[in-house]
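Below is one structure; the comments refer to it alone.
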Amino acid sequence: MTPRTIPVDVFDLVVFGATGDLAKRKLLPALFHRDVQGQIPVDARIIGSSRRAMTRDAFRAFALAAIEAHVAPEHRQQVLCQRFIERLDYVAAEPSQEQGWSELEKSLRPEQDRIRVYYLAVGPDLFGPICERLGQHNLVTPNSRVVVEKPLGKNGASAKALNEQIGRIFPEPSIYRIDHYLGKETVQNLMALRFANALFEPIWNAAHIDHVQITVAETLGVEGRAGYYDTSGALRDMVQNHMLQLLCLVAMEPPTSIDADAVRDEKLKILQSLKPITAENIANHTVRGQYRAGASMGGAVNGYLEELGSDTSKTETYVALKAEIGSWRWNGVPFYMRSGKRLASRMSEIVVQFKPIPHSVFDASAGAISSNRLIIRLQPDEGVKLTLMIKDPGPGGMRLRSVPLDMSFADAFGVRNPDAYERLLMDVVRGNQTLFMRRDEVTAAWKWIDPILEYWKESPELPKPYTSGTWGPSASVALIERDGRTWHEGDD
Ligand code: BG6
């Protein structure tokens, strides 16, 4: 099956931080794929920018190396690579100085009416200075958009300051706050599943759902990012953004349309109805862990502290939480979330566990009746699975068993699954903000996270150690088992 590609209008894209890790691993490969698919108009321009003095040819060589490293060989024929890198230009610009900005102005000036995208693939300390320079040099036209990456602050107060800095130059409808989880194919399928099928919505509530689990498990450690990561931790790095966004998509009311504000209004209501975690319940509602040396991906690996090069750190590399939503629909339905680095396998999924049937008409000889479960797999092998009870085939009485209706998107559609950044970048050009976080969502998410961070900071307790290659600290098992439930594991 050939994926459908809708061309976008001609645009100029300036990537600040163009020689950094994000550009190398994600942005350049994503743009390359879109170019191969014929989605990028021939006149569109991609201008890399960073503080580093570099010729256009050197930047093109950097981009080519990035594509060779991050695009599978079968997708990168030489002629396509060549065509793509010839689109690339480079302008060195220093956010704290005048140097480079007039050159950027000169290169963009001839196409005043074009869609302009400024992608800030830089640390948050540079968001304000870059936006100011863009303003000073009249580079912000009515058709301009700015894209910012997380971390959007370290808490509610710093997020507010960042949003204000960006908001002084760009109006809210031109600000695209990326959460790459929202660009994942399965995450959007969650909306299709819920709102394009009559089947689920009538039972999508506390009367029929026992609980929801959201897991984002990684096998990698913090790698070369220990410096950044130690100022962040799993709660800020994964929960404040990605996992709360997933929770919102599972829990939100049906929006009136798929319009950006209609969807974001509903997500906001969920964030605002999260019950606060308090000093009284924090011990039972949260667990934080930190990995120690162990085995991962077939080899021995160091612990977090060794990677950090320090004897001590209170930074969590694992977090498990029990969240509750104060609403009619979700009263009494816990949303368990867990995320960690150096876990037993790379696996992200949402599990919706339905309640048991109210009454069984079968004899004990039929066997136990498992409750239905809907599993939405984000990675690896994106897909959806619904467990159903059926009769064991053959004569010999009524014996029941649980079987999965299992759909892998790769098997079903046989296409390369586009990376989240491919879709999100094209959505920015199209001016579609549905999959980007609005300022009030970010504020509401921090409002729920801030008290947890505060309690943890004040607490003398250190994160619970767990061995690399396991499923995290045993306290996270206790968190869910105290409620008579278990984390979903394996293929059941
Ligand atoms: C990023 C986090 O936002 O998401 C990383 O900063 C994390 O720490 C990554 O590894 C996970 O993304 P994905 O798409 O690989 O699940």
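What do you reckon, how do Glu98, Glu105 stack up by accessible area (1.4 Å probe), largest on top?
Ranked list, largest accessible area first: Glu98, Glu105.
Less than 15 Å from a label point 7 Å out along the Cα-to-Cβ axis of Arg83: which backbone N atoms in segment 33-71 qualify, by residue?
33-44
So if we plug the beta-carbon distance of Asp440 and Arg56 into 1/(1 + (r/R0)^6) with R0 = 56 Å, what FRET efficiency do we get, rounded to 0.05?
0.85
Using alpha-carbon pairs under 8 Å, 6+ residues apart, how would you state the relative contact order of the chain in percent?
18 percent
Rounding to the nearest 20 debye, state how big the charge dipole of segment 25-83 is about its Cα centre with +1 on each Lys and Arg Cβ and -1 on each Asp and Glu Cβ.
Using only the charged Cβ atoms, the result is roughly 280 debye.
Would you mind telling me the share, in percent, of accessible area of segment 85-126 contributed by carbon and sulfur at probe 1.4 angstrom?
44 percent
With an 8 Å Cα cut-off and a minimum separation of 6 or more residues, compute the relative contact order for segment 375-422 in percent.
32 percent
Of Gln165, Ser107, Ala283, whose Cα points farthest to the positive end of the dipole of the chain (charges on the beta-carbon: +1 Lys, Arg; -1 Asp, Glu; origin at the Cα centre)?
Ala283
Output needed for the chain: three equivalent-ellipsoid semi-axes, defined as square roots of 5 times the C-alpha gyration tensor eigenvalues, in descending order, whole Å.
Each semi-axis is the square root of five times an eigenvalue, giving 41, 27, 23 Å.
What number comes out for accessible area per residue over segment 177-265 if the probe is 1.4 Å? Units Å², please.
Result: 32 Å² per residue.
I want the antiparallel fraction of DSSP beta bridges within the chain, as a percent rounded to 5.
Counting only bridges with both partners in the chain, antiparallel ones make up about 55 percent.
How large is Rg over Rh for segment 344-492, taking Rg from the Cα atoms and Rh as the Kirkwood inverse mean of 1/r across Cα pairs?
Rg divided by Rh gives 1.06.
What is the distance, in nm, between label points placed 7 Å from the Cα along the Cα-to-Cβ direction at Tyr228 and at Asp259?
So the two model labels end up 3.6 nm from each other.
For Val10 and Val361, what does the FRET efficiency come to when R0 = 60 Å and r is the distance between their Cβ atoms, rounded to the nearest 0.05?
Working from the Cβ atoms, E equals 0.40.
When N is the residue count of segment 101-181, what does its C-alpha Rg come to as a fraction of 2.2 N^0.38 Å?
Its radius of gyration relative to the 2.2 N^0.38 Å reference: 1.09.
P(r) for segment 147-197: what percent of alpha-carbon pairs falls in each 5 Å bin, starting at zero?
4, 17, 19, 17, 14, 12, 10, 4, 1
Positive end of the dipole of segment 8-68, charges at C-beta (+1 Lys, Arg; -1 Asp, Glu), about the Cα centre: which of Ile47, Ala58, Gln37 has its Cα farthest in that direction?
Going by the charge dipole, the pick is Ala58.
Name the residues of segment 139-164 whose amide N is less than 16 Å from a point 7 angstrom out from the Cα of Arg109 along the C-beta direction?
139-141
Where Lys and Arg each count +1 and Asp and Glu each count -1, what net charge lies around Lys391 among other residues with Cβ under 11 Å from its Cβ?
+1
If you count only protein heavy atoms with a 1.4 Å probe, what accessible area per residue comes out for segment 390-448, rounded to a whole Å²?
49 Å²
Got a number for carbon plus sulfur as a percent of segment 190-298's accessible area, 1.4 Å probe?
Answer for segment 190-298 is 58 percent, counting heavy atoms of protein chains only.
When averaged across all projection directions, what area in nm² does the alpha-carbon convex hull of segment 324-422 cover?
Reported value for the Cα convex hull: 10.7 nm².
Roll a 1.4 angstrom probe over the protein heavy atoms and tell me the percent of accessible area of segment 316-467 that is carbon or sulfur.
57 percent
For Ala300 paired with Phe413, estimate the spin-label separation in nm (one decimal), with each label point 7 Å from Cα along the Cα-to-Cβ line.
Using points 7 Å along Cα→Cβ, the separation is 4.4 nm.
The values are calculated or read from the model by the stated rules, or taken from the named source; none is laboratory data. Remember, it's a predicted structure, so these values are computed and weren't measured experimentally. Every residue, glycine as well, gets a Cβ built from its backbone with ideal geometry; the counts of neighbours run over all protein chains shown. SASA here: full protein model, heavy atoms, side chains in, ligands and nucleic acids out. Shrake-Rupley method; radii C 1.70, N 1.55, O 1.52, S 1.80 Å.
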